[in-house]
Amino acid sequence: MSAAGRRAGIDVGGTKVLGVVVDPDGSVVHQVRRATPRDPGPRGGDAVLDAIVEVARAIGPYDRLGVGVPGLVTFDGVLRAAPNLVGSDQLDVARLLAERLGHAVEVESDNTCATLAEWRLGAGRGVDDLVFVGLGTGIGGGLVLGGRLQRGRNGFTGEYGHMVVDPAGPRCPCGQRGCWERYASGAGLARLAREAAEGRRAQRVVVLAGGDPEAVRGEHVDRAAREGDEDALAVIDEFARWVAIGLVNLTNALDPARIVVGGGLSHAADLHLGPVRRWFEQLLYASASRPLPEIVVAETGELAGALGAALLADERGRATPSA
């Protein structure tokens, strides 16, 4: 198989390392996935690099490679902080991968990669001003303004989940209180449902979780809501309000044409998107006097990070040579 024009992208997630090879038109021609190293101990960074190299070598011929990793990533590919990759802080990912693979590698944050994929290949096509928000276990995202992917002064754009929306709110793993992702992530939905259960509401949700309120997850709320359970629908409405609060803050600051929402909400858009849009219009400053941004669901799914990583070299205007 010829490598000519084929780009590879690798996305490092909390549970898997996913790689794709794409043709020049963005079509996926091959996928490889491996488990993300668990409990790697003090050599956590080396274990993650080993997994990336394994995927890169298994994925087939390519002439450019990009890698997306979770956390704060500098312009030269150093992972400054990665709370979900133990032992990987201050890891010079770009340099170390280049040494192992024998060619240059573009390295970015996974959320910036997902933003690029949605802008070029997914629900963000056709607009020059775009906010991408990924609602997963936490919240991350990215930004396109004036037809350019934005990375900020240090490369750290898109840490939306740590906007503080309630200074007296629950403690976040980052150390602050009341971060947006404590309310509007998948984990936030589950927390809201557990709080409802503690108030002797959402009993059907608890039943679906096996009778243990502490076992409640977002999927249990969605299942109960599809059955028409009023308490579950009320939890989703509260969750939608918190999602909308963050989207309103981003819109007031950035004035995008479109907001693309990925992650867990995109898997249950029929339940969540309507309430989010309703709350968004109610909460947005001067909503009756301005064009509202479209709020749409992401299209590239679990491949977003890997697809965006494959597009990095083109976006930055330089290619990386083939292995």
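Brief remarks follow.
- Only one of the listed residues (Ala269, Ala253) is surrounded by fewer than 17 Cβ atoms within 10 Å (Cβ to Cβ), closer than 19 Å to Gly141 by Cα and at pLDDT below 95. That residue is Ala269.
- Matching helices (runs of 4 or more DSSP H) fully within the range 27-134 where at least 1 residues are modelled with pLDDT under 95 and in contact with a Gly (Cβ under 8 Å, 6 or more places away or on another chain): 44-58, 110-121
- When residues of the range 135-165 are limited to those that are within 20 Å of Gly301 (Cα to Cα) and among the β-branched types (Val, Ile, Thr), the one surrounded by the most Cβ atoms within 10 Å (Cβ to Cβ): Ile139
- Residue match in the range 254-271 (condition: outside the structural domain of Val69 (by TED's automatic domain parsing), among the hydroxyl-bearing types (Ser, Thr, Tyr) and free of Cβ contacts under 8 Å to residues at least 24 places away in the same chain): no
- Selection within the range 135-164 - of a type outside the set (A, V, I, L, M, F, W, C) and in a strand (DSSP E or B): Gly140, Gly141, Gly142, Arg148, Gln150
- Residue that is nearest to the chain's Cα centre (by Cα), among those in the range 116-134 that are surrounded by fewer than 24 Cβ atoms within 10 Å (Cβ to Cβ) and of a type in the set (Gly, Ala, Ser): Ala123
- Helices (runs of 4 or more DSSP H) (entirely within the range 166-226) containing at least 2 residues that are surrounded by fewer than 22 Cβ atoms within 10 Å (Cβ to Cβ): 186-198, 203-208, 218-226
The values are calculated or read from the model by the stated rules, or taken from the named source; none is laboratory data. Note that the coordinates shown come from a computational prediction; the quantities given were computed from them, not determined experimentally. As a convention, Cβ positions derive from the backbone with ideal geometry for all residues, glycine included, and neighbour counts pool all protein chains shown.
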